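Rule-based calculations on the coordinates, nothing more; no lab input. Since the model is a prediction, treat every value here as computed from it, not as a measurement. Cβ placement follows ideal geometry from the backbone for every residue including glycine, while neighbour counts extend to all protein chains displayed.
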Amino acid sequence: MEGFRVLVVDDETDFLETIVKRLRKRKVDAVGLTSGVEALKYLETEHFDVVILDVRMPGLDGIETLKEMKKKRPLMEVIMLTGHASVESGMQGMQLGAFDYVIKPADFDELMEKIRQARERKSIHEEKLRRS
Amino acid sequence: MKIVENLMAFRRAWFPYLIALLIAGLGVLLWIKAGPEFGLISLPVLCCAFLLTRKLVLQLVKANEQKLSLDRQLIQSQKLAAIGELSSGIAHEINNPLAIIGQEVEWMKHQAKDAGTGAGGNLAEFLDSLMEIGKQVDRCREITHKLLDFARKREPLIQTTDINKLVEDMVRLVEREAVKRKIKIDRDYRPDLPVVQTDAPQLRQVVLNLLINANAAIDAGGCITVATRVVDGGYVELSVSDTGCGIPEENRDKIFDPFFTTKPPGKGTGLGLSICHGIITKLDGRITVASEVGKGTTFAVRLPVGRRKGTTG
């Protein structure tokens, strides 16, 4: 997919490698990082369409990372992902502007579909801003 | 000025003049047909009728104007009351954490004084107080954020959405916690539900909020039912029902008001349903509630399948 860039942030390295590999197989330009801090630093110079963000991470947790990402790159869509589904963090995340909230283990095809929809939303949003 | 007043009176109450004219006409007819005496009888009748109907009509007009003025005042005072309630809600919510912060600061000053005089201040106490202050600041921040969120112009971004899937995703999120309290969730999805042009992430927020509320309304061992159906006229409706405590009649109109909450202070600022209402309205939909105390509650969200107002989305 042309210029389709996805950033995956998860401290679980096994999961991270699997996801990045599968994304790349589907021709997505995927990058994997293991912490929120690293991700925010990377975002200072790099642009992505969609971020897959784990909620429970040591150090800067998912919600805090989400807040910072929304400040830096408001158009970039974030899909929250977690193995410990907490309804509270789900609600919080979505109120902060997360596109969706997915429980691990997630069916990869379903995740791809959500990534596609998130990217579509970004395009629509950009188009709207361009027109106004 | 009397002339102007009379002209104004005429404009509002032309009816008596019409009656007078009719009676005069009748008088003329009688004069022609039956002679002057009969014609002249119409004169006093005319005067009485004219004066009487004029008085009655003017009173009616006045009463109507008073009613309109009162209606306008009522709407205005209702608006002011709503703003007043909102402001006092905010003030009250923020006051509590501020009071606690104040207390902790006093305590910390005390500790600092003790440490200063060598009486041995307690560092653990000091840190405890700071943590409590931090907690209360977070609470305030949550309130102001929710308020900003509520006030924010939430322009929807429209995408093709599978409602059944969207609802099911949110149900799965809540189910994990509901099951722990022996609450089961039943699905009644309409197969082949048409896809809807709407803002998916915002709708997710609404559905999740309704599910969280349903979960909270049930003590234990109850049931939540989610359903989707098609409604005539190009609408799709999703509903969340619970077998919980129900909403008393006097609260039913207020539940979508900002800051209305039945939870104890500090737990939930009550902005949830008002935000939901705002979102659904912006999506050209409608959210309604039906409830019976002791039996349960059903929230229904109705959305147009296609986008109405011709927005480019």
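Per-structure values
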quantity	calculated
Positive-end residue of A:Ala98, A:Gly32, A:Thr45, charge dipole of region A:5-117 with Cβ unit charges	A:Thr45
Charge dipole magnitude, Cβ of K and R +1, D and E -1 - the protein assembly as shown, Cα centre, debye nearest 20	2000
Anchor B:Lys33: aspartates and glutamates whose Cα lies under 14 Å away (excluding residues fewer than 8 positions away in-chain)	none
Anisotropy class of region B:149-300 from Cα gyration tensor, a/c 1.5 cut	oblate
Estimated 222 nm signal from helices in the protein assembly as shown, with DSSP H stretches of n ≥ 4 weighted -39500 (n - 2.57), rounded to 500	-20000 deg cm²/dmol
Average beta-carbon neighbours from other chains, 10 Å sphere, peptide A:86-99	5
Antiparallel DSSP beta bridges within the protein assembly as shown, percent to nearest 5	55
Region B:57-107: C-alpha gyration tensor shape, a/c 1.5 cut-off, then a/b vs b/c	prolate
Computed FRET value (nearest 0.05) for B:Arg72 with B:Val289, which takes r as the C-beta separation and R₀ as 35 Å	0.70
A:Leu75 paired with B:Arg190, simple spin-label distance in nm, labels 7 Å along Cα-to-beta-carbon	3.7
Environment charge at B:Ile94 (Cβ cut-off 12 Å; Lys +1, Arg +1, Asp -1, Glu -1)	+1
Only Lys, Arg (+1) and Asp, Glu (-1) charged, at Cβ; region A:5-131 dipole about Cα centre in debye	660
FRET efficiency, 1/(1 + (r/R0)^6) with R0 35 Å, evaluated for A:Phe108 and A:His47 via beta carbons	0.90
Per-selection Rg to Rh, chain B - Cα, Kirkwood hydrodynamic radius	1.29
Linear extension gain, B:Ala112 paired with B:Ala99, 0.36 nm per residue minus alpha-carbon span	2.7 nm
Nearest 10 degrees, 0 to 90: helix B:200-217 Cα axis against chain B principal axis	80
Degrees between helix B:2-12 axis and first principal axis of chain B (Cα, 0 to 90, nearest 10)	70
FRET efficiency for B:Phe10 and B:Ala220, using Cβ-Cβ distance with R0 set to 60 Å, rounded to 0.05	0.20
For B:Gly221, net neighbour charge (Lys/Arg +1, Asp/Glu -1) across residues whose Cβ lies under 11 Å away	+2
Ranking of B:Glu85, B:Glu5 by count of other Cβ atoms within 10 Å, fewest first	B:Glu5, B:Glu85
Net charge over other residues, Cβ less than 15 angstrom from the Cβ of A:Asp14 (K, R count +1; D, E count -1)	-2
Percent RCO, i.e. relative contact order, over chain A, from Cα pairs under 8 Å lying at least 6 residues apart	20
Largest-first principal axis extents, alpha carbons of chain A, Å	40, 32, 27
Interchain or long-range residues, amide H under 5 Å from B:Val231's placed H	B:Val236, B:Glu237
Cα-Cα over 30 Å, subset of A:Lys25/B:Lys184; A:Lys71/B:Lys254; A:Lys25/A:Lys122	A:Lys25/B:Lys184; A:Lys71/B:Lys254
